[in-house]
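The next block holds one structure in the form of structure tokens; read it before the comments.
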Amino acid sequence: MRLPPGKVPAQTLQEIVFRHLGAKRREVILGPALGEDGALVRVGDRVLVSSVDPITGALSRIGWLAVNISANDVATFGVHPLYFSSCILLPEGSGEEVIETICRQIGRAAEGIGVAVVGGHSEVTPGLDHPVVVGHSLGVAEEGRYVTSGGARPGDRLLLTKGAGIEGTAILAADRRGPLREKLGEDLLERAEGFFELISVVEEATLAFEAGGVTAMHDPTEGGVAGGIHELADASGVGFTVYEERIPVAPETRGICGFFGIDPLQLIGSGALLIAVSPDSAERVMGALSSGGIEASVIGEVSANRAERTLLRRDGSRTGLVRPLSDHLWLALERNTPSSPRP
């Protein structure tokens with residue numbers, strides 16, 4: 001089977017990737033699993049939280065995203081990220097200004113969330129036509145002081161912070177500015193590119209976890225909010241009902257998605273956070289997020305039947321929530337030539 005762009009499909013992960021996991025170590029609490037954002041490894045009386053993510057479809061903020069995307073995955077465990085390493089791969093012919101731009105972005109992003117850059121690797125790699133940066137973030141937790149994507153329970157409320165398609169909106173505004181400008185205008189694109197500043201979910205994950213009652217968290221990256229909801233349900237072995245009218249979509253996102261003919265719910269969504277919370281704790285968690293200036297919406301409920309994956313549309317009709325085959329960012333990026341990285 002020919003693989004689509006973006007994340008390897010769940011079936012391929014189960015049938016191929018997860019069959020080759022090396023030695024079994026008893027200190028591994030959580031290894032590779034569908035819907036999980038990272039790994040948990042016991043080290044003495046502490047637990048190491050680890051996550052790795054590549055940035056391949058963005059150019060203008062590639063270093064910024066490398067830090068924040070992997071840090072977000074650690075934060076979804078309710079754990080603050082502490083350390084970051086990167087692998088920077090550059091195309092042949094790259095000048096020093098490219099790596100300077102990427103490293104400056106990494107440094108700024110890491111400093112902004114209190115993370116130390118502790119190592120990595122950089123090289124010029126034959127065969128590439130644009131830079132690729134792989135980020136690795138680490139955090140440390142006390143035993144039992146974390147959640148995973150697999151803890152959601154029937155009856156839990158599903159919360160979403162900020163809105164759909166945040167990262168994809170920023171990437172397209174920055175890397176496809178030329179074709180978008182004539183249709184949407186410079187002011188909208190400036191606001192949309194500013195969505196890069198919303199990418200981190202470290203603060204909201206911490207606020208939600210400390211409020212209590214959170215059973216699972218997951219950040220919707222590739223596949224967008226739709227993909228993220230399915231991943232959380234996969235990890236937890238549950239179903240859900242979500243309400244289309246309750247899922248916030250910013251005007252900038254609607255405009256850019258309309259231009260490219262793509263679905264906001266299937267557009268890469270880093271910057272939002274999915275939170276499953278017990279019914280009696282939902283109001284308290286919402287209050288904690290609001291106190292931090294973070295908008296959140298109750299977008300649905302968790303159900304016991306894992307085959308029930310329902311979207312209630314604005315017109316009252318019910319349908320299955322689409323499971324993205326490939327992130328809609330790739331559909332948009334295929335249509336134009338990207339611009340060069342900017343400092």
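Each value in this text was obtained by applying a stated rule to the coordinates, not by laboratory testing. Every value quoted in this text rests on a predicted model; they were computed, and no experiment measured them. Don't worry about glycine lacking a Cβ; one is built from the backbone with ideal geometry, like all the others, and counts go over all protein chains shown.
Laid out as a table, the results:
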quantity	calculated
Extension gain, Arg145 back to Asp315 (0.36 nm per residue minus Cα-Cα distance, nm)	57.0 nm
In sequence order, calculated HN-Hα J values of segment 2-19 (Karplus, 6.51, -1.76, 1.60; Hz; x Gly/Pro)	7, 7, x, x, x, 4, 5, x, 4, 4, 5, 4, 5, 7, 10, 4, 6, 8
Förster radius 22 Å - calculated FRET efficiency between Glu245 and Asn305 (Cβ-Cβ, nearest 0.05)	0.45
Cβ-derived FRET efficiency at R0 30 Å, Glu210 paired with Phe18, nearest 0.05	0.40
Per-residue HN-Hα couplings for segment 208-223 [Karplus 6.51, -1.76, 1.60; θ = phi - 60°; Hz; x = Gly/Pro]	5, 4, 5, 5, x, x, 6, 9, 7, 9, 7, 9, x, 8, 4, x
Extension gain, Ile99 back to Glu283 (0.36 nm per residue minus Cα-Cα distance, nm)	61.7 nm
Gyration tensor (Cα) of the chain, equivalent ellipsoid semi-axes in angstrom	29, 26, 19
Highest to lowest packing among 275-283, 23-31, scored as the average C-beta count within 10 Å	275-283, 23-31
Calculated FRET efficiency for the pair Glu334/Glu111, C-beta based, R₀ 22 Å, to 0.05	0.05
Cα-based reach from Lys7 at 24 Å (exclusive), listing lysines while leaving out same-chain residues under 8 positions away	Lys162
Charge dipole of segment 147-217 about the Cα centre (unit charges at C-beta), most positive-ward option of Thr148, Ala211, Gly194	Thr148
Label-to-label distance, nm, for residues given as Ser122 and Ser290 (7 Å Cα→Cβ offset)	4.6 nm
At most 16 other Cβ within 10 Å, DSSP loop - trypsin sites (Lys or Arg not before Pro), segment 205-314	Arg306, Arg313, Arg314
Nonlocal amide H pairs with Val124, under 5 Å, H built at 1.01 Å	Leu90
Positive minus negative residues near Gly107 (Lys, Arg vs Asp, Glu; Cβ under 15 Å)	+1
Antiparallel bridge percentage (DSSP; both residues within the chain; nearest 5)	75 percent
Sorted by Cβ density within 10 Å, fewest first, the residues Cys257, Cys103	Cys103, Cys257
Charge dipole (debye, nearest 20) of segment 149-333; +1 at Cβ of Lys and Arg, -1 at Cβ of Asp and Glu	540 debye
Integer Hz, Karplus 6.51/-1.76/1.60 couplings in order for segment 154-160, x for Gly and Pro	x, x, 4, 8, 9, 10, 10
